[in-house]
Amino acid sequence: MASEPQYPIREVSRLTGINPVTLRAWQRRYGLLKPARTDKGHRLYSDDDVALIRQILHWVEQGVSIGQVKGLLSDPQPVKAGSNWEQALHRLLTAACELNLGRLEVELNELASLYPAELLLRHVIEPWLAELGRLNRPDDQLIEQSATALLARVFSQLLTIKSGPRIAVARVGESHALSGLLTCFELQGLECRSLELGRLEPLQLPLAAQRLKCDALVVQLGGGLTQSWFAERAQCWPEHSFFIGELGRMYADQGCLSRPHGITVSEIARKYDATFGVV
């Protein structure tokens, strides 16, 4: 017996981590979802729909393109893990190296509309930025700077959410200049607004706490931070502060972290049931 439609699209987004734009694209372009409609035309999803979305996510994470998922839902087959992500990475790198910024912009917008932010960042955008940084050719600086500038513009334009928890995002230590923006993009996928503070000196936080008016602070951990640096700033962090980044485990092992930490904001949301997270 089919389950009753009961969840509006924003609730489904909260439950699954898939933003409404992507859910609509999966329905309109690929026919993967068939939600019911209210009398006013608003989408309503059932428990069966939520379970289906999680099936779709399983295939997408394995590297299946969204256009191939429908066939696999009805007839599961072995797939080559990661192939769609590798192809997307290759397309971005090729467009960047050719300085074809028009094509690059189309690719970035297409990927952002079709795939969850967490997966897109982990499997495509972050590896792509790393590849750009490793280029060894006479025009490597031009390629990297033009590509990252375009990425910043495209992702900034996508930060359109007007409601939901307001999360401040900051960087400490040595990190990529775009890491704060990427975190803001991922937060939008969790139905959160964001306020990027750039590179932060935590000693100034108590002076700004009342003016920031944020529900939480997410801090991207970079390299070069010491135990004494953390100790001197241990009392500066607001109550709802969270550390993210690959270096978090190292700093935690050193006993430096006084707040919850994870690799990404999505991991924080799942692990600690943070105010900005999914259940």
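The values are calculated or read from the model by the stated rules, or taken from the named source; none is laboratory data. Owing to the predicted nature of the structure, the values given are computational and were not obtained by experimental measurement. All Cβ positions, even for glycine, are placed from backbone atoms using ideal geometry, and neighbour counts span all protein chains on display. Each accessible area value is taken on the protein alone, full model and side chains, heavy atoms only, with ligands, DNA and RNA left out. Shrake-Rupley method; radii C 1.70, N 1.55, O 1.52, S 1.80 Å.
Side notes on the structure shown:
- Evaluation of His42 against (1) modelled with pLDDT of 90 or more; (2) out of contact with any Asp or Glu (no Cβ under 7 Å at 6 or more places or on another chain); (3) within 25 Å of Lys162 (Cα to Cα); (4) not polar (S, T, N, Q) (one fails), failing number: (1)
- Candidates in the stretch 9-18 are the residues that are of a type outside the set (Ser, Thr, Tyr) and open to solvent by 10 Å² or more (accessible area, probe 1.4 Å); of these, the one that is nearest to Leu57 (Cα to Cα) is Gly17.
- With a requirement of 1 or more residues that are open to solvent by 40 Å² or more (accessible area, probe 1.4 Å) and in contact (Cβ under 8 Å) with a residue 24 or more places away in the chain, the strands (runs of 3 or more DSSP E) lying completely within the stretch 142-258 that satisfy it span 166-172, 193-199.
- Only residues that are surrounded by 15 or more Cβ atoms within 10 Å (Cβ to Cβ) and either under 15 Å from Ile66 (Cβ atoms) or of a type in the set (A, V, I, L, M, F, W, C) (or both) were counted in the stretch 28-47, giving 4.
- The numbered conditions (1) closer than 24 Å to Leu187 by Cβ; (2) exposed (fewer than 15 other Cβ atoms within 10 Å of the Cβ); (3) modelled with pLDDT of 90 or more are all true for Val50 except (2).
- All conditions in (1) part of a helix (DSSP H, G or I); (2) over 23 Å from Gln68 (Cβ atoms); (3) open to solvent by 80 Å² or more (accessible area, probe 1.4 Å) hold for Val21, with the sole exception of (2).
Yes or no, residue by residue, for (1) among the aliphatic types (A, V, I, L, M); (2) farther than 29 Å from Arg14 by Cα:
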| residue | (1), (2) |
| --- | --- |
| Lys70 | no, no |
| Glu86 | no, no |
| Leu93 | yes, yes |
| Leu114 | yes, no |
